[in-house]
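First the structure, in the form of structure tokens, and then the observations on it.
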Amino acid sequence: MTGDTAPATRFGRADREPGILAECRDVARTYGKGPTAVVAVHGITCRIRPGLRLAVTGPSGSGKSTLLHLIAGIDRPTAGTVEWPDLHHRATEVGVVFQGPSLLPALDATENVALPLLLAGEPEDEAFRRARSALGRLAIDDLGGKLPDELSGGQAQRVAVARVLAARPLLIVADEPTGQLDHESAERVMTVLAATADELGAALVVATHDPFVAARLGQEWTMRDGRLHGAADPGLAERNGETR
Ligand SMILES: Nc1ncnc2c1ncn2[C@@H]1O[C@H](COP(=O)(O)OP(=O)(O)OP(=O)(O)O)[C@@H](O)[C@H]1O
């Protein structure tokens, strides 16, 4: 087969490199100003491609959440640039599992999961079908009728994961998605996140303190004091923009 006839894929032709979902160039994020300013992220250059399975690890306060928010486009860098070259509609193509509570209190679990689909214009029956299916994959379909304040922290966390998966994003950014879960539930969440990312051809970026979760993903980037470390890992050249 010649290059000209290579089949198209979701991100271009099969004979080309996969696309770039997110690209950070020399990105920094400082909170506040003057003597109390906190530099949460410094000088990070990285690329997120389809198929990436990435754990972002590091001590508390090292900048993991900040980097994830910049990659997802829900925060802006104070220096450098973040771009999403192969995303067309970032609001629906990036799914974020937040570290803290994020469910709307007046909606039950199924409605919380369906809401982003309804807002994106999905017909109601399809939105609710996908919401129930996502809850089922995470083995929490029995919780569909419960309000957030009737859920445990771990149950609410799984509903938040279901909400992201139901929206079928191309870039899944999850901040401690298993932080409140027992081992068995954490394992299920990681299995479903990875399987869904495989089905969608998506990238999966997970901030975690849990070595088991990090081990489930293909790559690990470690943050310390706002910088990426881990020179021995195979992603470093990619991260530093040395290869395309
Ligand atoms: N909104 C904010 N205002 C001021 N400082 C902040 C803000 N958010 C984060 N920080 C600071 O930025 C630094 C990085 O925080 P970040 O939440 O990104 O770290 P983290 O590695 O995700 O931590 P954890 O593992 O505890 O979630 C910390 O020093 C934190 O106190």
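The values are calculated or read from the model by the stated rules, or taken from the named source; none is laboratory data. Predicted, not measured: the structure shown is a model, and the values here were computed from it. Positions of Cβ are backbone-derived with ideal geometry, glycine not excepted, and every protein chain shown enters the neighbour counts. The accessibility values were calculated without ligands, DNA or RNA, using every heavy atom of the protein model including side chains. Shrake-Rupley method; radii C 1.70, N 1.55, O 1.52, S 1.80 Å.
Screening 80, 32 for residues that are in contact with a strand residue (DSSP E or B) (Cβ under 7 Å, 6 or more places away or on another chain), in contact (Cβ under 8 Å) with a residue 40 or more places away in the chain and small (Gly, Ala, Ser) leaves exactly one candidate, 80.
Looking only at the range 58-73, residues that are under 12 Å from residue 29 (Cβ atoms) and more than 6 Å from the ligand (Cβ to nearest atom) come to 5 in all. Of 116, 105, all but one fail to be within 18 Å of the chain's Cα centre (by Cα), away from the ligand (no atom under 16 Å from the Cβ) and open to solvent by 30 Å² or more (accessible area, probe 1.4 Å); the exception is 116. Scanning the range 190-229 for residues that are on the phi > 0 side of the Ramachandran plot and surrounded by fewer than 17 Cβ atoms within 10 Å (Cβ to Cβ), which turns out modelled with the lowest pLDDT? Only one residue tops the list, namely 201. Restricted to the range 187-220, and to residues that are within 16 Å of the ligand (Cβ to nearest atom) and among the small types (Gly, Ala, Ser), which residue is nearest to residue 166 (Cα to Cα)? Top of the filtered list is 207. Filtered by the rule that a residue be open to solvent by 20 Å² or more (accessible area, probe 1.4 Å) and in a loop (DSSP other than H, G, I, E, B), the range 49-63 gives 49, 50, 51, 52, 59, 60, 61. Just one residue in the set 41, 96 is under 21 Å from residue 219 (Cα atoms), within 13 Å of the ligand (Cβ to nearest atom), modelled with pLDDT of 95 or more and open to solvent by less than 60 Å² (accessible area, probe 1.4 Å); that residue is 41.
Evaluation of residue 133 against the conditions (1) modelled with pLDDT under 95; (2) open to solvent by 10 Å² or more (accessible area, probe 1.4 Å) shows that the sole unmet condition is (1).
One line per residue, one yes/no per condition, for (1) under 30 Å from residue 27 (Cα atoms); (2) open to solvent by 60 Å² or more (accessible area, probe 1.4 Å); (3) of a type in the set (Gly, Ala, Ser):
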residue	(1), (2), (3)
88	yes, yes, no
126	no, no, no
147	no, yes, no
160	yes, no, yes
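Within the range 122-160, the residues that satisfy the criterion of being of a type in the set (Asp, Glu) and without any contact (Cβ under 8 Å) to a residue 24 or more places away in the chain are 122, 124, 125, 126, 141, 142, 150.
Of everything listed in (1) away from the ligand (no atom under 12 Å from the Cβ); (2) over 20 Å from residue 169 (Cα atoms); (3) touching a Pro at 6+ places or on another chain (Cβ under 8 Å), the single unmet condition for residue 79 is (3).
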